[in-house]
Each structure stands twice: as structure tokens, then as C-alpha cells.
1. Take the residues of the range 428-464 that are under 29 Å from the mean Cα position of the chain (by Cα) and among the basic types (Lys, Arg): which is farthest from ASP188 (Cα to Cα)?
2. Going through the range 206-220 one residue at a time, which ones are at pLDDT 95 or above and assigned to a loop (DSSP other than H, G, I, E, B)?
3. Kindly evaluate ILE121 against the criterion of being farther than 20 Å from GLY245 by Cβ, at pLDDT 95 or above and open to solvent by less than 40 Å² (accessible area, probe 1.4 Å).
4. Look through GLU158, GLU180 and report the one residue that is surrounded by 14 or more Cβ atoms within 10 Å (Cβ to Cβ), in contact with a Leu (Cβ under 9 Å, 6 or more places away or on another chain) and part of a strand (DSSP E or B).
5. Which condition breaks for ARG413 when tested against (1) out of contact with any Gly (no Cβ under 8 Å at 6 or more places or on another chain); (2) farther than 27 Å from ASP375 by Cα; (3) open to solvent by 50 Å² or more (accessible area, probe 1.4 Å)?
6. When the range 321-341 is examined, which residues are found to be under 15 Å from VAL307 (Cβ atoms) and either of a type in the set (Lys, Arg) or crowded, with 20+ Cβ neighbours inside 10 Å (or both)?
7. Tally time: how many residues in the range 354-378 are aliphatic (A, V, I, L, M), out of contact with any Pro (no Cβ under 6 Å at 6 or more places or on another chain) and either at positive phi or part of a helix (DSSP H, G or I) (or both)?
8. List every residue pair whose Cβ atoms sit under 7 Å apart, with the two residues 6 or more apart in sequence or on different chains, where the first one lies in the range 431-459 and is touching a residue at least 60 places away in the same chain (Cβ under 8 Å) and the second, anywhere, is of a type in the set (A, V, I, L, M).
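The values are calculated or read from the model by the stated rules, or taken from the named source; none is laboratory data. Just so it is clear, the structure is predicted and the values come from calculations on it, not from any experiment. Neighbour counts are summed over all protein chains in view; Cβ atoms, including those assigned to glycine, are modelled from backbone coordinates with ideal geometry. Accessible surface areas use protein heavy atoms only, side chains included; no ligands, DNA or RNA. Shrake-Rupley method; radii C 1.70, N 1.55, O 1.52, S 1.80 Å.
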Amino acid sequence: MRVPYAWLREYCAPDITLAQLEQRLTLTGTKVEAIHHHGVGATEGFVVGKVLTREKHPDADRLSVCTVDVGNGEEIQQIVCGAPNVDAGQTVAVARPGAIMPDGTKLKKAKLRGLASAGMILAEDEVSIGGDHDGIMVLDDALVAGTPLLDVLPISDEVIEFEITPNRPDCLGVYGIAREVHAATGADLAPAPWSEDPGTAGPVPGVTITVDVPELCPRFTARAFENVTIAPSPRWLKARLSAAGMRPINNVVDITNYVMLLTGHPLHAFDLDRVAGGQLTVRRARDGEQVETLDGQTRTLDAEMVVIDDADGPTSIAGVMGGARSEVADDTTRVLLEVASWIGPNIHRTSNQLQLRSEASGRYEKGLAPEQAADAQAMATRLLLELTGASLVGGTIDAGPFAQDPWPTPTLRLREARVEGLLGLAIAREDQRATLTALGFGTADADDGLDVTVPAFRRNDVTREADLVEEVGRFKLDQLPATLPKRRGAAGRLSTDQRLRRRAVDAIVGRGAYEIVGWSFTEPGVADRLRLPADDPRRGFVALENPMSEDHAVLRTTLLGSLLDATRHNVARGNVDLRLFEQGAVYFTDPDAPLPRERRNLGALLHGRLVPPSWGPGND
């Protein structure tokens, strides 16, 4: 998860350095994997300029010679520009000589076809705002020449890359990370940006939604918009998407991606005029059914997968990727915005079976709360109305079992004595309350602690008292004492098999041998190379359904293969005085068991002589 720092600070801005924030978040379990710089380097080299004149280059048809006022009392600069849309009177973004470009290049004065050029007039991609290189950026005429470009455009920012654990899909949204920053630092948290919803409940004229698989689709919400104007997104939106690692496309698609990154919940926009019959049905796919997805590929489905179809057939793969047939295009004027909730394991299976990973599937498979669909719907509605000129049609369709029977919000008892017993540290009840409240939990006093109401976005993760203790404790890790666990009953003892194995290993090590650790996987040809008889049970390999390679297609039945592989590797490099041994598992098929029978073996190669595996639990 890549989070632009400026975007994060819009919701929670602690008064500490980025390095301190990185350390504090990692210590609380929200691990920072890396800090990246996005955009230009030395920002002082980038300013607002005014194009005073534009003349055609005398020796190049596609170049223009411009005089540009860069403000601050400096002389008028001559800049040679290759953009087709540059013209006199424009307010533009200028990189001065000495400016550090996003790729690290330091801009210098240059000569283009014999004429001096003191800088560049910039396109979006040249400052990492977006991917547009068809023409220069034309800025607001009210801007004053010489104004630092950073005051006008988000041309430079730090991006925090987080490693989010599978149990925390709430942290796959910028606001979820802001909530963690709030809890870790005490800095104020801005209200959720979706708290005000311009939409209303009720039917949507001309649109019908049917959910045939309520066990796999708890909630399906939809809103319709008309008078939509498809256009490039504003530059602030493009910049945030680019910094987060996503490619800007158009305002409608960019809004869906932006809202997903903000709320953590995916959503999808249909061209309503391309939804045949104005009806969407959520159903299981039929074996062999095909759908062309947004990436232009045709996918073949099976009956365990879920599709969204219209009167002409499947139009998208639920929770994974939309279909090409109903995608938003340049001529779209009506949009149907879908925000649905799907059951995670089914999305995970579908994504794996199709070998199709997407930002949406990566979130859905971790388990999102149906309540979060309303958050994304509200935020996207606001942006569609603001940025596309759209008008909302009707109310909000809310289909699926959750609409009629919302899931309960669990309340758990958190006992003060239990907190101290598990953490080894007494934490005041008010401190516990403050931490949990900052994380979005509700609290009420109880005789021996707190009654804690779990927020919907943590429903799958926090299910018992020990989980609440963990939430409190992870913000006190630097205060927890170092203690040994309590002994319960007699100390553990090695089994007879374990003692025998250790004695054998000690004996081999005593003869100067080194232990190796070989793969549990091998390939069937090893049986022929070892000249095993045709009826040898070690030829009964267990085949892997999804092997890493042909050389790792089966489970090994002997340690001899890996010992010889290690020997060959050493001899090929001049190391011929070998004393190697290995202890490990081998696997045999058993017709009476649903799984292969595992045995422990010990084998050695001492003084150039191979000592075959001779002992192990399960071996006679």
C-alpha cells in the first residue's frame, strides 16, 4: 500500500518528522516497508512562467521559440519548446536550469537546432503528475510569474509504502492509515470525508438489481448519474493517483480508483447505456462461460465464480475485474456506480483460478465489511457531482441480505486483570479507553473493565478479549517488561524418537560432517538415476498439483537425491573432501490414507562414501 504523505496529512498531521512517524507506526504493527520520493528533486528550480511570444523555429517544423517571463525580476528567458499547444499569453510551468527532474537528471542550458534554451516548459509527465505528454500544462492566468510551482501543483512528495497484514484490510485505505497515525501519535483525526452523503435511499428509475447468490454477495449498492462529462481529471487527483502507483485514465475511472485508495473499498462504474435492459443480476457463472475483461483478455469461468450480467450476458467478474462491454468510454454520458460487498474466500479462489490479480480482488479477499460499501458510495457520489458535472438520478439501490438483516456489531468484555495478566503491565482503564476510541472502537464502563463495541471494519479481526488486549498492548510495546511465560505442569521432554535422532546427529557431526537442508521436492527421473528397482516403493512419488518447476514436480521418497545434488555442486567447484548429512522428511503414497504418509529419515555421505538412510520414525 503506497500512501502519499501529503494526502495522509490531510486527515492526520502529527507534529513529528517522517522518520519518527515511520518508527512509531512500525512499532505498533503498521509496518513501513520503505519511503519513496515521488516527483521532482530540488523544487526551487520549478516556477510559474508567462509565455510572452511564440515563434516557429527557423530550422525545425515541430519546435517553437518562446520568450518566457519567469518573474522575480529576472531577465526574460528564451525557451525552445516542442509542444504543439504552446502559445503566447499562456501561464505555464517552467523548469529552470539546475532543476532536478523526477528521473534525477539535472537540467542544463542547451541548444536546440542552434538556438539557446534556458529551461523547459513542462508537460504533466515531466513532473510525475500524470502520463500526459501530448502538450504542456496550461495554468490559471491569475497566477503570478515566478510563483514556486510547488505552491500551485503537487510536484514533489514523499510516499510511504506499508506492508499491510492480511487481517487488516482497513489499512488498505488512506483514511485507515490516518486512523492508525492518530492512535499512535495523538494527533487530531479529521472527520471521515464520506460522513456527508449527498445521495438518498430509494429506487433508481430504469435500473433493477437482482442478487441470486446472497451467500456470496451480502450487499450490492448502485446509484445512477446522468449528464456526465468524460474529461481528464484535475491535476491534484492525477498527482495523488500517480504517487500511489496508479495510472490516471479519465475523471470517472480516476474517481473510482481514488475512492478505493481513500476508503479501502473497491467500486466500479458501468456505462449505463451499455447495460443491456437496465438490469444487473449477480449469479454464479456457468462452467465454460466466457467474459472479456477490462484488460482485453477473454476469461473462461467455472460454476464457483460469480458474475454480474445484464440482458446480453456476463458483463464483469464479481470482485475481480469489470468487463470491456460496459466500460466507461469517451462518449459516456450516463454512469451506474456499483459498490458491492463480496465474500473473501470466493474472490480469493476466483482470482487464483483465473491468475488475475487486481487492486479490487486484493482487498475483497481479505474480508471487507458490508457497511463500508455505503462509505465508498457516498464519497464517490460527492466527487462525481463535483468533477464530472453529473446529476444524481433517483435514490440508491441496496440489494442483498445485508440490506434487510444488517450484521450485528459484537461487544466484548475487556477485563483490566486480563490485560495485566497477558501483557505483564498494568494499563489504566482510561489509557485503554483512549487507545480503543482512537482506533474506532466504542467503549462503556463495566465492573471489571470495559465493554468494547467492535467497529464494522474490524469485525473479522477482533473477535475475542485477547484481540482487544493486543490492540491495547501494541501501542505500549516499548513499555512492556521482558518476562518468561509461566510453566504449566512438568517441563517438556523429548520423545524416544527425538532422542535417538539427536544421538545419531551428534555422532555424525562428531565425525566432521556438515548438515545440509535439501528440497522436499524433486523430479521423477531421480528414481532412474538411483537405479531403483521397478517394484521399489520409493518410485511411488506424490505428484504436486501446482509445482514450481519440472525439477520440483513430486515429493521426494529418499534423501539420497538431495545428498547427491549437494555432492555434485561441491565437486564441480573443486571441493571433493565431503562429509555431508541430512535429516528430513520423505513422503510415500498410502492407498488407505487421504494424504501421503510422512516419515523422518537420516542419510549421510562420509569420506566420499554414501551411507544410505537407515533410521527414522516409521521406518522398520
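1. ARG464
2. So in the range 206-220, the residues at pLDDT 95 or above come out as 207-220.
If the condition is that a residue be at pLDDT 95 or above and assigned to a loop (DSSP other than H, G, I, E, B), then VAL207, ASP212, VAL213, PRO214, GLU215, LEU216, CYS217, PRO218 are the ones that fit.
3. Values: farther than 20 Å from GLY245 by Cβ: yes; at pLDDT 95 or above: yes; open to solvent by less than 40 Å² (accessible area, probe 1.4 Å): yes.
Yes.
4. Working: GLU180 fails: part of a strand (DSSP E or B).
None of the other options fit; the residue is GLU158.
5. (1)
6. Narrowing the range 321-341 to residues under 15 Å from VAL307 (Cβ atoms): 321-326, 338, 340.
Selection gives MET321, GLY322, GLY323, ARG325, SER326, GLU338, ALA340.
7. The number of residues fulfilling the criteria is 5.
8. Every condition considered, the pairs that remain are THR435/ALA183; THR435/VAL472; ALA438/ALA183; LEU439/ALA183; ALA456/ALA369; PHE457/ALA369; ARG459/ALA369.
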